[in-house]
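Some notes on the structure that comes next.
The values are calculated or read from the model by the stated rules, or taken from the named source; none is laboratory data. Here the structure is a predicted model, which means the values were calculated and not measured. With ideal geometry, Cβ positions are generated from the backbone for all residues, glycine too; neighbour counts draw on all protein chains shown. In case anyone asks, the SASA skips ligands and DNA or RNA and just uses the protein heavy atoms, side chains included. Shrake-Rupley method; radii C 1.70, N 1.55, O 1.52, S 1.80 Å.
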Amino acid sequence: MRNTALILIIALIVPALLADKGKNYTKENVCQELKAIGIEKFKEMFTVLYSQKFPNGTFEEVNCVADEMTKLAEKCCKDDASPDCYDKGATEISEKSCGKDSPFPKHPGIEQCCTLQGHERKLCLASLRYSADELPSLIEPTNEEICTEYTQYKKNYSVRYVYEFARRHRNIPAGFVLNATQHHVRMAKRCCHPAVKISCFLEERLQMGSANIFLRFLSNVCNNQVNLKSYKIGLSAYYGNLLGLSFEDASAISSRFQSGLEKCCLQPQPECIIEELTSFQKVLCSESNLNAMSEDFRKCCRKPALDTLPCVDDLERQPRQHPHVADPVSSQLCEKVQPHGIDRYLFLTGVKHSSISLPVLTTVLNRIKSTVTACCSSADVTACLTEEESKLKKTTALLSKLDDTCSQYSKPRKQTERGETQAQAWVHLTASCCSKRSPAQLCQKLTEDVLKYDDDIAV
């Protein structure tokens, strides 16, 4: 499947975005791809993009808008189609989106878009992005369940799977969703006819093993990239205690990794992220790094590039103790003669905690950074830091308590001095967010809740 088609799908969603390139450009290229891959695959691409965009929509709602966009492509690719076919069609669809009984997904913020007209409305509708907590991962169905579903929905089984998979992986390139769907449908076709064949399913699942591991890794890091505030700061501490790197080396590694995710996670074509991660693997596994690393790390680096990163991510992190962490926080962190002073302080604080998931670590470090940065901008830096000292100590103490709880993999201990609501917030956080690949949005929110309650408790 040609990935240029995926890029051009975006042009169909918002035709006005390519207006400066000419309507003929859109028509010729989109129609060429429609002819090349066929209407069924063309619709699947729309289904991926709209399932990722509207994960709260029902299958029927997402299927409806995908149908409309596919029909628009078919209509406008006819030889006698008018030059303004796309623009007129997109306007009609945007008006339908704003109708009282619209069959399309209901998106938070759509009411505001619908107060606009014409070009502005289409741009507003296209920019909407669902921001609620992540949906849980798609539970792998049993062989029998796959065959039952495949038999029941044989005609549109593929597009239904695209919908379910895409809405649960909404921050990865659409091409990966289509590839995963293609393999899943192939498995169903091979292994369900004339009856359930266990050996066939086993063979197919083994064949897809490494690809599925990579997809889980990619979905996790892209969710973190899209949703976490100050993600790069958390990444620096993460690589610091995972690989035992200095602040400078960890900052360089995390910056390289994060910039690749920022560039590619929301790109529809998979080549971008594959190229970036392959390049990052070479940096991570460079000869200078390998000499100082463990044998387990070296084993990971001997794997293919896209298998290396999930392998490294599964290595056990180690707490790193640094004696030079300022406590209380010094006004020297704000001085220009000490570049990256705040980031260095956050790194030295973060690397001491190896059991906390990255979303939790990043959220707590972001709270510390916000407090210190605000003081650095105040008229009297020293007075501000002195006033905030108690708050900063409570925050770092919370970090240690979370680290201790998650390291034990046991039920969190409820302290008698905590109120019922505070205890519930603590339990919810540790139960949901101690795993390595915790959901970014949910854990950021739960950590912020615990920080808020903790502000009212003396150390």
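May I ask you to list pairs of residues, at least six apart or on different chains, whose Cβ atoms are under 6 Å apart, with the first in segment 372-384 being among the hydroxyl-bearing types (S, T, Y) and the second being part of a helix (DSSP H, G or I) and at pLDDT 90 or above? What qualifies is S378/C384. When you look at K336, is it of a type in the set (D, E, K, R) and at pLDDT 85 or above, yes or no? When the stated conditions are applied, K336 does not pass them.
For segment 341-375, residues that are out of contact with any Cys (no Cβ under 8 Å at 6 or more places or on another chain) and under 20 Å from I253 (Cβ atoms) total 18. Inside segment 170-185, can you point out the residues that are polar (S, T, N, Q) and open to solvent by less than 20 Å² (accessible area, probe 1.4 Å)? N171, T181 - these are the residues of segment 170-185 that are polar (S, T, N, Q) and open to solvent by less than 20 Å² (accessible area, probe 1.4 Å). The set of residues in segment 300-333 that are within 23 Å of D404 (Cα to Cα), modelled with pLDDT of 80 or more and among the charged types (D, E, K, R) comprises D313, D314, E316, R317, R320. Candidates K53, K41, K71: the one that is open to solvent by 20 Å² or more (accessible area, probe 1.4 Å), more than 23 Å from H107 (Cα to Cα) and not small (G, A, S) is K41. The condition (being in contact with a helix residue (DSSP H, G or I) (Cβ under 9 Å, 6 or more places away or on another chain) and farther than 22 Å from V159 by Cα) is satisfied by just one residue among E44, E120, E68, E74: E120.
For segment 140-156, the candidate set comprises residues that are of a type outside the set (D, E) and in a helix (DSSP H, G or I); within that set, the residue that is surrounded by the fewest Cβ atoms within 10 Å (Cβ to Cβ) is Q152.
Scanning segment 243-276 for residues that are within 17 Å of F297 (Cβ to Cβ) and among the hydrophobic types (A, V, I, L, M, F, W, C) yields L243, L245, A250, I253, F257.
Cβ separations smaller than 6 Å between residues 6+ apart or across chains give no pair from segment 186-207 residues that are farther than 24 Å from V159 by Cβ and loosely packed, with under 13 Cβ neighbours inside 10 Å to residues that are modelled with pLDDT of 90 or more and among the hydroxyl-bearing types (S, T, Y).
Per the listing R129, R167, R121, the residue uniquely open to solvent by 20 Å² or more (accessible area, probe 1.4 Å), modelled with pLDDT under 85 and closer than 26 Å to Q444 by Cβ is R129.
Of the helices (runs of 4 or more DSSP H) lying entirely inside segment 201-285, those containing at least 2 residues that are of a type in the set (G, A, S) and closer than 22 Å to Q318 by Cα span 231-243, 247-264.
Here is a yes/no grid of residues against (1) under 26 Å from F217 (Cα atoms); (2) open to solvent by 50 Å² or more (accessible area, probe 1.4 Å); (3) modelled with pLDDT under 90; (4) not in a helix (DSSP H, G or I):
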site: P412; (1), (2), (3), (4): no, no, yes, yes
site: E417; (1), (2), (3), (4): no, yes, yes, yes
site: T421; (1), (2), (3), (4): no, yes, yes, no
site: C443; (1), (2), (3), (4): yes, no, yes, no
